[in-house]
Amino acid sequence: MESALSREALSREEIRYLLSCEDKDSEDLIFEAARSMTEKVFKNKVFTYGFVYFSTYCQNNCNFCYYRRSNRIDRYRRTAEEAVEISSALRDAGVNLIDLTMGEDPVAYRNGYEGLLHLVSAVNNAVELPIMVSPGAVIDDALPLLKAAGADWYACYQETHNRELFYRLRIGQDYDRRFDLKKQASSVGMLVEEGIMTGIGETIDDIVDSIMTMRDPSFRQVRVMTFIPQNGVPLVFDRQHRSSELRIMAVLRLTNPDKLIPASLDIEGISGLGPRLNAGANVITSIVPPNRSLAGVAQHELDIDNGHRSPDHIYEVLDGMGYRAATNNEYNSLIKKWTGGGNL
Ligand code: SF4
């Protein structure tokens, strides 16, 4: 931890040790170090992202996902006008970024991604906030078009960097293509988010590999999320091999002092926010306005309609914990440093 706090690159063995030491005192020290590293760089600021899951249709069949093609669930597809309206409300409520997420919806992909590009550019023109898109494994030609439409970030999660496990999770998808897209997004000037899941049958060494991979400076935001089983999802939660999301998050922070690390409200709702900030997170993702019939990802309903994921409630909770929501100027100047201007 001392090496990490003095910004030395941790070795594979050191990362493995931090992930696997078992006593409670050591764990508390790891969280303390992660929190202090975050505060050194970001003080008590926390960034906030509004989440607009605008299409829950998907052509894929990932076996950990509620929205997989074979799952017989009610789905929705929001129009560009609806996405603009929801995003404007989120902007007015003070979020720093709009996260436009979809499954790999064949309708949005049609005619050279016409529907997707139209929606991104409509939201960009209306809200004038940074935009993150999570459109799935698009063909690489789409990335410069998405950037031109106003997308600053490309989020595309590998979920594991163990190829064999990847092929069991993301049925019929191409590991290298998905990974290379993130490199291409970076090369066209987009910021990139990479992420993994825990509880999917990974080993500690898989997590070590992922942490080594996610150190790459082209990933400016790195996330870990616990797999939560939902109806119609074939993957079974692997308790035995499960690593702690919070521990992984803390080690991600110790190996990535300057990056954004999200605390998703999808896993444990608002009650899971404090422990995640304590483990080094500095972004609250998946802020969803209530009563808009919008879904989350890892748990599709949690804390949405009771308003506990609304911006106002989150600012109140942050305040009570001694943090403060970052201003748009603070967020924009952070990412401008990384993009050299970009779309902002
Ligand atoms: S994880 Fe994404 S690509 Fe896979 S089934 Fe779910 S929505 Fe589709």
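Here are some notes:
- Förster-model FRET efficiency, 35 Å R0, residue 187 and residue 61, C-beta, rounded to 0.05: 0.70
- Extension reserve of the residue 140-residue 337 stretch, reckoned as 0.36 nm per residue once the Cα distance is removed: 68.4 nm
- Gain on full stretching of the segment that runs from residue 89 to residue 168 - 0.36 nm per residue minus C-alpha separation: 24.5 nm
- Kirkwood Rh and Cα Rg combined as Rg/Rh, the range 42-121: 1.05
- If both residues of a DSSP beta bridge must be in the chain, then about 5% of such bridges are antiparallel.
- Relative contact order of the chain, defined on C-alpha pairs under 8 angstrom at six or more residues apart (%): 23
- Restricting the calculation to Cα atoms, the chain yields a radius of gyration followed by a Dmax of 18.7, 56 Å.
- Distance-filtered residues of the range 184-205 - backbone nitrogen under 20 Å, label point 7 angstrom along residue 176 Cα→Cβ: 184-187
- For the range 18-119, the list of trypsin sites (Lys or Arg not before Pro) that fall in a loop by DSSP and count at most 13 other C-beta atoms within 10 angstrom reads 43, 72.
- Qualifying GluC sites (Glu not before Pro) in the range 57-158, DSSP loop, other Cβ atoms within 10 Å at most 14: 128
- Solvent-accessible area of the range 1-155 (1.4 angstrom probe, protein heavy atoms only): carbon and sulfur portion equals 48 percent.
- Accessible area per residue in Å² at 1.4 Å probe, computed on the chain: 40
- What the Cα atoms of the range 137-287 give is an Rg and a Dmax of 15.3, 45 Å.
- ³J(HN,Hα), Karplus 6.51/-1.76/1.60, whole Hz, each residue of the range 203-219, x for Gly, Pro: 9, 4, 5, 4, 5, 4, 4, 5, 5, 4, 5, 6, 5, 3, x, 6, 8
- Max mean-square fluctuation residue, GNM over the chain, Cα-Cα springs under 10 Å, options 44, 111, 332: 111
The values are calculated or read from the model by the stated rules, or taken from the named source; none is laboratory data. Note that the structure is a prediction, hence the values are computed from the model and not measured. Please note: Cβ atoms are built from the backbone with ideal geometry, for glycine as well, and neighbour counts cover all protein chains shown. Only protein heavy atoms, including side chains, enter the accessible area calculation; ligands, DNA and RNA are left aside. Shrake-Rupley method; radii C 1.70, N 1.55, O 1.52, S 1.80 Å.
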